[in-house]
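Down below is the structure, laid out as structure tokens.
Just so you know, all these numbers are worked out from the coordinates, no wet-lab data involved. Everything numeric here is computed off the predicted structure, so don't read it as measured data. Here the Cβ positions follow ideal geometry from the backbone for every residue, glycine too, while neighbour counts run over all protein chains shown.
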Amino acid sequence: MNRQRLKDRLKLDEGLRLEPYQDSEGWWTVGYGRLIDTRKGGKISEDEAEYLLNNDIDVVINQVIREFPWFGDLSDARQEVILNMVFNLGLPKFKGFKNAITAMKRHDWTDASREMLDSLWSRQVGDRAVRLSAAMRTGEWGDA
């Protein structure tokens, strides 16, 4: 078997779709014909989820570094808080935290933490916001 030829032919026959779509029988599919419809047993593996997560983290890191030149001066925990929020919210919504971002830029960690908690996002994510705001305030993770 020539694996590369098989792969090339499958790409040609299946076509690439980067967004989920319904195939000719109505099953949700993505990529090169990858069944993801749970009604028919579709899913991704844990290894695939880990691969996607690593790619998504790389994208978020690059976005944040480009958008916030002061980001690299922060402690690891504070960098991770920002990355966690951007991962969750997306960069455009994170940029809506204008007061928190201004506080972060001036290293006013108490104010940044308070602004994070005083938000719709905080009410939506609950304990996550409490943990992240505490790490922003202290510059450390309380659990590690």
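Along the charge dipole of region 17-136, which of Trp28, Ser113, Ile57 sits closest to the positive end, that is, farthest toward it, with unit charges on the beta carbon of Lys, Arg, Asp and Glu (+1, +1, -1, -1)?
Checking the options against the dipole of region 17-136, the answer is Ser113.
Could you work out the relative contact order of the chain, using alpha carbon pairs under 8 angstrom and six or more residues apart, expressed as a whole percent?
Computed over the chain, the figure is 13 percent.
Place a +1 charge on the Cβ of each Lys and Arg in the chain and a -1 charge on the Cβ of each Asp and Glu, then give the dipole magnitude about the Cα centre in debye, rounded to the nearest 20. Please report the intermediate quantities before stating the final value.
Values: 22 positive and 24 negative charges, 72 e Å.
The dipole magnitude comes to about 340 debye.
State the label only: which of (i) 2, 9, 17, 21, 21, 16, 10, 4, 1, 0; (ii) 2, 9, 14, 15, 14, 10, 8, 9, 8, 6, 3, 1, 0; (iii) 2, 10, 21, 23, 20, 14, 8, 2, 0 corresponds to P(r) over Cα pairs in 5 Å bins from 0, in percent computed from the shown model?
Evaluating P(r) over Cα pairs in 5 Å bins from 0, in percent on these atoms matches (ii).
Please list, or write none, the lysines whose alpha carbon is within less than 17 Å of the alpha carbon of Lys95, excluding same-chain residues fewer than 8 places away.
Hits, sequence-local ones excluded: Lys105.
Which number comes out as Rg/Rh for region 8-89 once both Rg and the Kirkwood Rh are worked out on C-alpha atoms?
Numbers: Rg = 17.6 Å, Rh = 15.3 Å.
Across region 8-89, the Cα-based Rg/Rh ratio is 1.15.
Within straight cross-link reach of Lys43, meaning Cα distance under 25 Å, which lysines are found once same-chain residues fewer than 8 apart are removed?
Hits, sequence-local ones excluded: Lys7, Lys11.
With runs of 4+ DSSP H residues as the only contributors, calculate the mean residue ellipticity of the chain at 222 nm using -39,500 (n - 2.57) per run, divided by the residue total and rounded to the nearest 500. Walk me through the numbers on the way to the answer.
Values: 8 runs with 87 residues, N = 144.
Calculated at 222 nm, the ellipticity per residue is -18000 deg cm²/dmol.
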